[in-house]
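Chemist: Input: one structure, supplied below.
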Amino acid sequence: MTHATSQRASRYPLISVSGSIRLGQFLKLAGLVEDGAQARIAIQSGDVTVNGVVETRRGHHLTDGDVVVVDHPAGQVGATVEQLGTEQ
């Protein structure tokens, strides 16, 4: 693991998921928002980034290692996707 990768991965907690997961679902699972309505608002408002790029599609499929960050009034919160059992 390179230094850049380890710094990036350690900044936000790893959230384990089984199989594929959509952005809106992941926001709730990771505790970055309280419910689906907040997830929808945050995503549609452009307050959510995936790997540093604004994502406005709630149904966007996340993959292993994706870093999801939400801009809250109190600051940024985020989490990293860790997929378990990625075999399909």
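Chemist: May I ask which residue of G75, Q44, G85 lies farthest towards the positive end of the charge dipole of the chain, with charges of +1 (Lys, Arg) and -1 (Asp, Glu) on Cβ and the Cα centre as origin?
Modeler: Q44
Chemist: Over the chain, give the accessible area per residue in Å² for a 1.4 Å probe, as an integer.
Modeler: Solvent-accessible surface per residue comes out at 63 Å².
Chemist: Against the empirical 2.2 N^0.38 Å scaling, what ratio does the C-alpha Rg of the stretch 16-79 come to?
Modeler: Its radius of gyration relative to the 2.2 N^0.38 Å reference: 0.97.
Chemist: Pop out the carbon and sulfur fraction of the accessible area of the chain as a percent, whole number, probe 1.4 Å.
Modeler: The C+S portion of the solvent-accessible surface of the chain is 48 percent.
Chemist: Helix-only mean residue ellipticity at 222 nm, the chain, DSSP H runs n ≥ 4 weighted -39,500 (n - 2.57), per residue, nearest 500. What is it? Could you put the intermediate results ahead of the total?
Modeler: Details: 3 runs with 25 residues, N = 88.
Taken over the chain, the calculation gives -8000 deg cm²/dmol.
Chemist: To the nearest 20 debye, what charge dipole does the chain have about its Cα centre, counting +1 at the Cβ of each Lys and Arg and -1 at the Cβ of each Asp and Glu?
Modeler: For the chain, the charge dipole is close to 100 debye.
The values are calculated or read from the model by the stated rules, or taken from the named source; none is laboratory data. Just so you know, these numbers come straight off a predicted model, no measurement behind them. Backbone-built Cβ (ideal geometry, glycine too); neighbour counts: all protein chains shown. Heads up: the accessible areas ignore ligands, DNA and RNA and are worked out on the full protein's heavy atoms, side chains in. Shrake-Rupley method; radii C 1.70, N 1.55, O 1.52, S 1.80 Å.
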